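Taking it in order: structure first as C-alpha cells, then the write-up.
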Amino acid sequence: MIEEIIMRRKTYLIAAALVSAVLLTGCGDKEFLKDIKAGDYVTLGNYKGIEASANAPHVEEADVAYFIQERYLTPVMLTKEEAGRPIQEGDTVNIDFVGYQDGVAFEGGTGEGYNLTIGSGQFIDGFEEGLIGVEIGEQVSLDLAFPDPYLVNPELSGAPVVFDVTVNGILPELTDELVQSMEIGGCQTKQDLEDMVYDLHYQSEVARYENEIEMILYNTIMAECTFKKEPPAGLVERYETSIETTQNMRAAQNGMTLAQYMQASMRLDEAGYRAEFKRAATEMAQRYIMYQAIADIEGLTPTEEEVQQEIDTMVTVYGYASEEELLEQESREGIGEDLMRKNVVAFLMENGNIQQIDTNAD
C-alpha cells in the first residue's frame, strides 16, 4: 500500500504542472527562465504586504479511520470461516446493496464494496438492524421505508422500499498484531499506522492551504503587473507541451483518449481544448516570469547546489530509483524553476498579511 501512495505522489508531482511548475522539456528558443531577463517582460507593482487567508490545515479523525478501512482493512476482511459467526452490533461490514421502489432501482440507492459500521446510524432505520445475525456471503432483502420528511431526497419521503443486501465480509479489528502482519511502511503498532495516515492527510491539507494562499497572492500581484511584451514562444510551447502531457496522463487513467477526456471533463472539442491549452500556457509563462522578476530583485533564484539538494530530496521523497530516473521525466532547469517559485512564495508569505481561518473554533 505504501507503494501506491508513492505512485500517487509521483502522479501528483507530474499533474501539478497545471497549477505549479512545468518540468518537462519542450522545443523552441528561450525555453527556460534562465534564457531571459524577466524585467524585460514585466513591470512589477507592489508585492509585499499582500493580504490572503484560507482555512487552516485540518484533518478529521474520521478521515484517518476511513482511509485505514478502505486501504488496509477492506483487502483483508474476514470470510465466513475466518469470522466464525454472523454479523453483530459494532461490526464494520463490507456490503453490496441495491434499493428498489416499486420494483425499480432508484437513483442513489446502489452501492458496491461499501463499509458500514452496524449501529452507526448511517443508513435509514431498519437497515443496519436488519443485518444483525446475517452470515457473511448471505443476501437478504430488507423491507423498509424512508423517513418522512427525508431531506436528502424529498421525493423518497415516507416511501416504502426494498434493499437487497449482500454481505461480503467483516473488517478485522485494527490491532498491533495485524499492523505488523501487513508490513506497512515500517509501522509496528496501530498508533504507528494511524500517525502515518494522519501525516499523509496533513501534508495534503498543508499543500491545499499553501496552494490557496499562493493563488490569492498570485492573482493580487498579477493584477498590478504590466507586461511589456508577450512571453517567449519557446517558453509557452514548453508549458503547452507539459499541459498536454498531463491531460493525456489523466485521460489514460480514466481509460480515454485525450479527445474523449476533454469532451467529458470540459465539453471541449479539439479546437477548443487546443485553444485552452495555449491560453493556460501563456498565463503560466507570465506567472513564472513574474515570479522570476521578484526572485531577481530579492535574490531568491536557487543556486546549483540548492537545485541539486532539491533533486536529492525528490529522489528520496517520491521513491525514484536514482537521480537519472527522475531526470528522465523532469528537467534540471524545470526543477530549478519550481524551486525558485517555492522560494518566492515563501518570501511573499513571510512578507504578507497571511491569516489562517480556524474552521473548528468554538
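A few remarks follow.
- In the stretch 149-160, residue most open to solvent (accessible area, probe 1.4 Å) [restricted to those that are among the aliphatic types (A, V, I, L, M) and within 20 Å of Asp102 (Cα to Cα)]: Val152
- Residues of the stretch 238-248 include at least one that is outside any strand (DSSP E or B), over 24 Å from the mean Cα position of the chain (by Cα) and on the phi < 0 side of the Ramachandran plot.
- Residues satisfying the stated conditions in the stretch 343-362, i.e. of a type outside the set (A, V, I, L, M), in a helix (DSSP H, G or I) and closer than 19 Å to Pro57 by Cβ: Glu350
- Single residue of the stretch 198-228 satisfying the filter (out of contact with any helix residue (DSSP H, G or I) (no Cβ under 8 Å at 6 or more places or on another chain) and outside any helix (DSSP H, G or I)) that is nearest to Met349 (Cα to Cα): Glu224
- The stretch 320-343: number of residues that are in contact (Cβ under 8 Å) with a residue 40 or more places away in the chain and either open to solvent by 40 Å² or more (accessible area, probe 1.4 Å) or within 19 Å of Ala54 (Cα to Cα) (or both): 3
- Subset of the stretch 257-279 [open to solvent by less than 70 Å² (accessible area, probe 1.4 Å) and not small (Gly, Ala, Ser)]: Leu258, Tyr261, Met262, Leu268, Tyr273, Glu276, Phe277
- No other residue among Phe163, Phe227 is among the hydrophobic types (A, V, I, L, M, F, W, C), over 30 Å from Tyr100 (Cα atoms) and open to solvent by less than 60 Å² (accessible area, probe 1.4 Å) apart from Phe227.
- Cβ-Cβ distances below 8 Å connect the following pairs, each with a first residue in the stretch 94-112 that is part of a strand (DSSP E or B), a second residue that is among the charged types (D, E, K, R) and open to solvent by 70 Å² or more (accessible area, probe 1.4 Å), and a separation of six or more residues or different chains: Asp96/Glu112.
- Hits in the stretch 296-319 (condition: part of a loop (DSSP other than H, G, I, E, B) and either open to solvent by less than 60 Å² (accessible area, probe 1.4 Å) or over 22 Å from Glu214 (Cα atoms) (or both)): Leu300, Pro302, Thr303, Tyr318, Gly319
- Test: residue in the stretch 346-357 that is free of Cβ contacts under 8 Å to residues at least 60 places away in the same chain and open to solvent by less than 70 Å² (accessible area, probe 1.4 Å): yes
- Long-range neighbours under 6 Å by Cβ, at least six apart or interchain, first residue open to solvent by less than 80 Å² (accessible area, probe 1.4 Å) within the stretch 73-89, second β-branched (Val, Ile, Thr): Leu78/Ile170; Ala83/Ile136; Ala83/Ile170; Pro86/Val134; Ile87/Val93; Ile87/Ile132; Ile87/Val134
- Some residue of the stretch 132-148 being in a loop (DSSP other than H, G, I, E, B), open to solvent by less than 40 Å² (accessible area, probe 1.4 Å) and without any contact (Cβ under 8 Å) to a residue 40 or more places away in the chain: yes
Matching residues to (1) open to solvent by 30 Å² or more (accessible area, probe 1.4 Å); (2) not acidic (Asp, Glu):
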residue	(1), (2)
Leu174	no, yes
Leu178	yes, yes
Glu183	yes, no
Val206	yes, yes
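The values are calculated or read from the model by the stated rules, or taken from the named source; none is laboratory data. Just so it is clear, the model here is predicted, and its values are computed rather than measured. Here Cβ is always computed from backbone atoms with ideal geometry, including for glycine, and neighbour counts include all displayed protein chains. What goes into the accessible areas is simple: the full protein's heavy atoms, side chains included, and nothing from ligands, DNA or RNA. Shrake-Rupley method; radii C 1.70, N 1.55, O 1.52, S 1.80 Å.
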